[in-house]
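Beneath this line is the structure, given in structure tokens, with notes to follow.
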Amino acid sequence: MGEEGTEGTIHLLCLAASSGVPLFCRSSRGGAPARQQLPFSVIGSLNGVHMFGQNLEVQLSSSRTEDTTVVWKSFHDSITLIVLSSEEGTSELRLERLLQMVFGAMVLLVGLEELTNIRNVERLKKELRASYRLIDSFLGDSELIGDLTQCVDCVVPPEGSLLQEALSGFAEAAGTAFVSLVVSGRVVAATESWWRLGMPEAVLLPWLVGSLPPQAARDYPVYLPHGSPTVPHRLLTLTLLPDLELCLLCGPQPPLSQLDAQVNRGSVPLFSYSLAKLPPLGTALTSLLLLHLELKRCLFTVEPSRDKEPSPEHRRRLLRSFYTLVTATHFPPEPGQPEEKAEEAIHRAQVARACYLVLGTEEPGTGWRLVALQLGPRRLLLLLSAQSPTYGLRGLATHTLHALTPLL
């Protein structure tokens with residue numbers, strides 16, 4: 001398994017499908033934004049070969065060279081997105097989901113009508129600049145993983161029921177059903193209606209809030225790519241504590257000043273927060289990813305380590321790479337993909353499936369262990385230190401999954 005994000009470059013191209021006119025090009029190198037742009041001749045060639053295939057009724061979706069992976073995807077016969085990655089170990093699954101998130105971000109901030117009925121290319125280019133910050137966050141190294149898993153990144157609060165009750169009361173007073181608490185792009189708590197938001201907006205909205213520069217309050221127009229792609233809504237945010245924001249999705253009412261007054265009057269009594277401590281899981285565990293595939297939520301955490309290596313960024317990249325490997329190779333289709341027969345799905349849900357990977361050698365005290373376990377709707381991925389013997393990985397993963405089940 002190669003490691004994603006290691007000293008490579010990603011180029012993202014957006015073009016008008018009918019004319020081939022570039023709308024924007026974004027790049028990152030080593031996980032940080034880069035100014036490097038592809039020559040127009042290269043952009044034209046990449047789009048030309050894709051259009052040539054379409055004219056012959058051949059769908060070109062991906063290609064590989066010795067050091068670069070290229071993925072093409074068209075949306076509504078209007079927008080073509082192309083991504084090139086020279087990062088070591090980059091998977092096509094990761095790049096395909098990246099393009100889905102990028103188009104979702106474009107719809108979120110510009111609206112589907114502007115993207116499918118392009119009247120003025122120059123005006124559309126200017127409008128798309130509003131999405132650059134969000135799109136760049138997908139290209140760089142992030143502490144979130146919802147762009148890849150297509151599940152909402154969550155934080156587990158210690159008093160979840162009390163926080164939920166407070167949010168519901170505030171939502172009723174504010175006259176909207178869609179309210180959440182977001183900390184650094186992760187949802188701490190939300191109303192039932194917010195949790196029922198479709199994909200990709202359920203992932204994009206908290207990610208957008210986490211990507212914006214700090215502000216005491218915002219009134220931000222957004223479209224919902226799944227629920228309302230042509231009619232804008234208002235995303236209101238109020239900063240309660242550093243990195244902790246109260247978010248509301250609503251129509252023309254209420255005014256932002258009214259919400260600010262409600263918060264100041266103490267209508268929301270429980271907005272000091274702390275993170276729940278995970279159950280004791282052993283000293284060998286350094287990082288974990290827990291997904292609930294039906295609820296579309298995930299918990300992604302990198303535990304503090306006494307050792308300097310690998311770094312937290314390195315461990316996050318290892319888990320992202322391992323996720324793409326087991327999702328594409330070892331585990332059954334996720335919800336939303338072609339399903340199996342009902343009786344087969346029920347049987348497989350009752351049987352735990354597991355796989356593991358050893359990085360380095362299997363000698364005690366060397367290398368790293370990655371293990372994945374799926375049982376029912378939950379999938380758990382662990383990164384373990386070299387202290388863990390390979391024969392005990394499945395048992396450790398099973399114990400950890402049972403310990404974490406009440407959290408997600």
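Filtering Asp141, Asp147 for residues that are surrounded by 15 or more Cβ atoms within 10 Å (Cβ to Cβ), at pLDDT 90 or above and either on the phi < 0 side of the Ramachandran plot or among the aliphatic types (A, V, I, L, M) (or both) leaves a single hit, Asp147. Of the residues making up the range 238-262, just one is among the charged types (D, E, K, R) and surrounded by 17 or more Cβ atoms within 10 Å (Cβ to Cβ), namely Glu245. Of all residues in the range 104-118, which are part of a helix (DSSP H, G or I) and without any contact (Cβ under 8 Å) to a residue 40 or more places away in the chain? Correct list: Glu114 only. Listed by position, the helices (runs of 4 or more DSSP H) contained in the range 308-407 that have at least 2 residues being modelled with pLDDT of 85 or more and surrounded by 15 or more Cβ atoms within 10 Å (Cβ to Cβ) are 312-329, 393-404. Consider the range 4-22 and keep the residues that are at pLDDT 90 or above and under 24 Å from the mean Cα position of the chain (by Cα). The one that is farthest from Pro312 (Cα to Cα) is Leu15.
Residues in the range 53-72 that are open to solvent by less than 90 Å² (accessible area, probe 1.4 Å), part of a strand (DSSP E or B) and of a type outside the set (Val, Ile, Thr): Ser62, Ser63, Trp72.
May I ask you to verify whether Glu172 is free of Cβ contacts under 8 Å to residues at least 12 places away in the same chain, open to solvent by 10 Å² or more (accessible area, probe 1.4 Å) and in a helix (DSSP H, G or I)?
yes
For the range 73-96, which residues satisfy the criterion of being open to solvent by less than 30 Å² (accessible area, probe 1.4 Å) and either under 19 Å from Pro229 (Cα atoms) or not assigned by the TED database to the domain that holds Ser61 (or both)? Within the range 73-96, Phe75, Ser78, Ile79, Thr80, Leu81 qualify.
Could you please let me know if Leu139 is touching a Lys or Arg at 6+ places or on another chain (Cβ under 7 Å) and more than 19 Å from Leu290 (Cα to Cα)?
yes
The residue that is most open to solvent (accessible area, probe 1.4 Å), counting only those in the range 27-48 that are hydrophobic (A, V, I, L, M, F, W, C) and in a helix (DSSP H, G or I), is Phe40.
The one condition from (1) closer than 26 Å to Gly140 by Cα; (2) in contact (Cβ under 8 Å) with a residue 40 or more places away in the chain that Gly44 does not meet is (2).
In the condition set (1) open to solvent by 40 Å² or more (accessible area, probe 1.4 Å); (2) in contact with a Lys or Arg (Cβ under 8 Å, 6 or more places away or on another chain); (3) assigned to a strand (DSSP E or B), Phe24 is compliant with all but (1). Residues in the range 201-225 that are modelled with pLDDT of 95 or more and in a loop (DSSP other than H, G, I, E, B): Pro225 alone.
The values are calculated or read from the model by the stated rules, or taken from the named source; none is laboratory data. Since the model is a prediction, treat every value here as computed from it, not as a measurement. With ideal geometry, Cβ positions are generated from the backbone for all residues, glycine too; neighbour counts draw on all protein chains shown. Keep in mind that these areas ignore ligands, DNA and RNA; they rest on the heavy atoms of the full protein, side chains included. Shrake-Rupley method; radii C 1.70, N 1.55, O 1.52, S 1.80 Å.
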